[in-house]
2 protein chains.
Amino acid sequence: MNLLLLEEADFVAPDRARLSGRRLKHMLEVHRAESGDSLRVGKLGGLMGQGQLLHLGSEYAELSVTLDQPPPAKLPITLLLALPRPKMLRRVLQTVSSMGVPRLVLLNSYRVEKSFWQTPFLEPDAIREQLVLGLEQSRDTVLPEVIIEKRFKPFVEDRLPELASGTLGLIGHPGDYPACPRAVNEPVTLAIGPEGGWIPYEVDLLSNAGLKPVQLGERILRVETAVTALLARLY
Amino acid sequence: MNLLLLEEADFVAPDRARLSGRRLKHMLEVHRAESGDSLRVGKLGGLMGQGQLLHLGSEYAELSVTLDQPPPAKLPITLLLALPRPKMLRRVLQTVSSMGVPRLVLLNSYRVEKSFWQTPFLEPDAIREQLVLGLEQSRDTVLPEVIIEKRFKPFVEDRLPELASGTLGLIGHPGDYPACPRAVNEPVTLAIGPEGGWIPYEVDLLSNAGLKPVQLGERILRVETAVTALLARLY
């Protein structure tokens, strides 16, 4: 936790916040904070700044808060991701949030196992928990938007063309394709497939929606690694 | 597992291999392979090619193997990494192996907790296990070399200058430094710090050894994410 993220409900006055639970435990056990210490804080969806610990006890912590800095800029990207397996999903949500992706679409694909859609990690609270961990890690305050699309074809045919309009549309796909571009200075819509990749029919539909396949080399990377590598290369 | 990795001991004839255990289980349960199927195979430290399943039973699998393709090229990099916490260590070893890093130095640092050095995940067999998983993921056959350096100062003062000689030496370090270069076409020695970063004294010693600090932006990334992002940016 590199940023203590405060929510509206934590504020007991405009410049005072009171915490308990997970964040209190972290301050006590990991930061080993003490009264008087100054910590980096941010308000969810708002500014970042400093918090001075007025009280730190086993029940709650109270901070005097000064918020005067904007959060870091997001990347100008919409990421479409074939729904990963549940354990990977949690990590990918943290990665996406920590790297500054503002919009993530979790999408069905032929090679997504049906059981993946049953995971409790897709519940809104579970998604939010991982996104918050990513913000705390990277020092950001703005939650990414997560859109869940259980039907590939209607989404890609009906909604994607508009979503991708005016952006550089890319499909991360191993094979004999151009290399993924570097350091682009335009918005991107990037689609990353499941383990085993998109099937040809899906690549065709994504192409019809304005996205073109690009590759990252011969090596097949895990989804989380591919997401990070593609984002780092693009921006 | 995108590549079935065979070891010397698996070969019952020059072009025949027999497997049991984890890899057999994976073939049966994940690949749902059947006799006659053709699989991508590689020989540890050697060539890659195809294996045809002659026999697949609950006790063992036997393959007829043709090895005729070289493994993918490694990145021209030596990665120095402050020893991560045990759980992260395992994932980082897989990542490093899957991305084609040929040499990894696990290094002490002021902010590495002493207990991290006690983990069983640092045993040679445990390290090898994770590296093999990375090779199977990315389709490579050549294990990275992993060097363990429990003492920062003697390593950085006495061994690093020679190791980094003739390479672009970089320290991944958040702060007011030049941005990490992109798409370099020369060998690199890259040092990535622990959670919380290198301390100034360590940055000084690394600088004296010929490495210079570079940054990836305002966001603080987890070690695994930073490794992937820096490698994807450099190559």
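General observations
- Candidate set from region A:171-190 (those that are assigned to a strand (DSSP E or B) and of a type in the set (A, V, I, L, M, F, W, C)); member that is nearest to the other protein chains (Cβ to nearest Cβ): A:179
- Residue match in region B:153-170 (condition: assigned to a helix (DSSP H, G or I), within 14 Å of another protein chain (Cβ to nearest Cβ) and touching a helix residue (DSSP H, G or I) at 6+ places or on another chain (Cβ under 6 Å)): no
Yes/no matrix, rows are residues, columns are (1) more than 12 Å from residue B:6 (Cα to Cα); (2) at pLDDT below 95; (3) not aliphatic (A, V, I, L, M):
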{"site": "B:24", "(1), (2), (3)": "no, yes, no"}
{"site": "B:29", "(1), (2), (3)": "yes, yes, yes"}
{"site": "B:35", "(1), (2), (3)": "yes, yes, yes"}
{"site": "B:42", "(1), (2), (3)": "no, no, yes"}
{"site": "B:45", "(1), (2), (3)": "no, no, yes"}
{"site": "B:48", "(1), (2), (3)": "no, no, no"}
{"site": "B:51", "(1), (2), (3)": "no, no, yes"}
{"site": "B:54", "(1), (2), (3)": "yes, no, no"}
{"site": "B:62", "(1), (2), (3)": "no, no, yes"}
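- Boolean, residue B:89 is among the aliphatic types (A, V, I, L, M), touching a Phe, Trp or Tyr at 6+ places or on another chain (Cβ under 8 Å) and at pLDDT below 95: no
- Of all the numbered requirements in (1) under 30 Å from residue B:31 (Cα atoms); (2) β-branched (Val, Ile, Thr); (3) within 14 Å of chain A (Cβ to nearest Cβ), residue B:127 misses one, and that requirement is (3).
- Selection status of residue B:218, under 27 Å from residue A:71 (Cβ atoms) and of a type in the set (Asp, Glu): yes
- Criterion violated by residue B:146 - all others in (1) more than 13 Å from chain A (Cβ to nearest Cβ); (2) at pLDDT below 95 satisfied: (2)
The values are calculated or read from the model by the stated rules, or taken from the named source; none is laboratory data. What you see is a predicted model; the values in this text were computed from it and never measured. Cβ: placed from backbone, ideal geometry, glycine included. Neighbour counts: every protein chain shown.
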